[in-house]
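What follows is a short report on a single structure.
The values are calculated or read from the model by the stated rules, or taken from the named source; none is laboratory data. Note that the structure is a prediction, hence the values are computed from the model and not measured. Heads up, the Cβs are rebuilt from the backbone with ideal geometry, glycines too, and the neighbour counts pull from every protein chain shown. The area values use the complete protein model at the heavy-atom level, side chains included, leaving out ligands, DNA and RNA. Shrake-Rupley method; radii C 1.70, N 1.55, O 1.52, S 1.80 Å.
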Amino acid sequence: MEERLWSKQWKMKKIDWQACAGVTGLAMLKNGTKAQLAGNDGSRIKKETAFCLQRNKDKFDKMRAAEKQKFDDAETVLNTLDQIQKKNSLGTLTLESLANDFSNLKCKVSHSYMIYHLSPVAYSLAFPLFIRTFQGWDPLQNPSYQLELVSMWRQVLDSDHGYVYYAQLVSQAILPAVRASSISNWDAKDPEPMLKFLDCWKMLLPYSLLNTILDTIVMPKMSDVVDSWDPRSETYSIHDWVHQWLPWLGRKQKGLFRMILIKLGEVLDAWHPSDASAYILLSPWKNVLWEQLMHRYIVPKLQVTVQELEINPANQKLYQFHWVMSWASAIPSSPNDFEEIRKWYKGWKDLLPQELVANESIRAQLSIGVDMIGKAVDGVKIDPPAHSLNYSLPGMRSLKPWLFEAPQTRRAPAQNYQAFEA
């Protein structure tokens, strides 16, 4: 009977003196003898009973405190929302005060903030104020406008679900202003205003919004300018502003570079290796288009020039050789090219009769050639002969030297070019 009563009380979770006494009595029966139980004066039973009652009282107190905290938090949320509604009705609600109110709620009652889904509430209240605040704003003229305010709202809505509302808020308030300003005021050949705006907002623009600005505003503008660019007649340096977008656009500029490559190719179709001005025209593109330009347009014409080189011991002319060698340091090469060049030079030199090789004038020209090859292998810039800089490319006479950047020297692994004389 006692065991059935204990089982029933355990299942019903009734905690009273009889239950505690029963638990204590059963434990003592299990661990000791009836004699030991009879000899006990009841102090141990009282202690166990008191402990059991205190433990359950503490548990109840904690539950009651938690429920009271939930009630107090809910009351705090309701009071704050009431105050916000009153300000809104009176027309005194501002984005700053609204951000402070929700920041305080997020700090004081963070658990209730998530339970009651206050992020969409904050968004719905802030949206009309954002539209009003940024109405008429020109982001390209005043890029730092209200940065601190937007930063406050990013912190308010900085959560897994809240950030979605932040992205919507900024997109609907900022993107129309950027689009309107770029259409009416921005010339892609002057990238500074747009770059300054992006630099100011780079920590506040959601990734999706940044891509939208680059894809739908910046790229179309740049494509229009590149599409109308004619390197044979234009007197502005397109690379000056295209290169400034490399950190922002990266692979997005692939299409632009393809258009630029085609336009430069149209100029190089009429180019002859005797004209060293092509190097000046192409040098600004060393870091982005150099390999394509060299292998597609320059190297084929240099190969033809080498094939047309006449070996005439009686009256050897080396100007074609100089044309080719002036590009030696510019053409991309691999470490294996050094041995190939050495064999080519030695084979060409062996074709000359010993009488010519012994001639002082011929040896001087050969030494010049070896020196040019050595500079090319060591990555040292080779200055073309002065008479070859004739600017014969179509439109090149109209170009001013200051429009182009100084050519960059391409470094190559140093080699012992004296081996050519071996």
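Given the structure, is LEU268 of a type outside the set (Gly, Ala, Ser) and closer than 17 Å to GLY369 by Cβ? So LEU268 fails the test. Taking the numbered list (1) outside the structural domain of PHE130 (by the TED database); (2) surrounded by fewer than 15 Cβ atoms within 10 Å (Cβ to Cβ) in turn, HIS243 passes all entries but (2). Under the condition of being in a helix (DSSP H, G or I) and surrounded by fewer than 16 Cβ atoms within 10 Å (Cβ to Cβ), the residues counted in the stretch 192-240 number 15. ILE262 satisfies every condition listed in (1) open to solvent by less than 10 Å² (accessible area, probe 1.4 Å); (2) at pLDDT 90 or above except (1). Checked against the criterion of being among the β-branched types (Val, Ile, Thr), touching an Asp or Glu at 6+ places or on another chain (Cβ under 6 Å) and surrounded by 15 or more Cβ atoms within 10 Å (Cβ to Cβ), the stretch 123-134 has no qualifying residue. Only a single criterion out of (1) closer than 24 Å to GLN244 by Cα; (2) over 29 Å from the mean Cα position of the chain (by Cα); (3) at pLDDT below 90 is not satisfied by LYS286, namely (2). Taken over the stretch 99-115, the criterion of being closer than 25 Å to VAL170 by Cβ and in contact with a helix residue (DSSP H, G or I) (Cβ under 6 Å, 6 or more places away or on another chain) is satisfied by ALA99, ASP101, PHE102, SER103, LEU105, LYS106, TYR113. For the stretch 135-173, filtered to residues that are of a type in the set (Phe, Trp, Tyr) and open to solvent by 40 Å² or more (accessible area, probe 1.4 Å), the residue that is nearest to the chain's Cα centre (by Cα) is TYR163.
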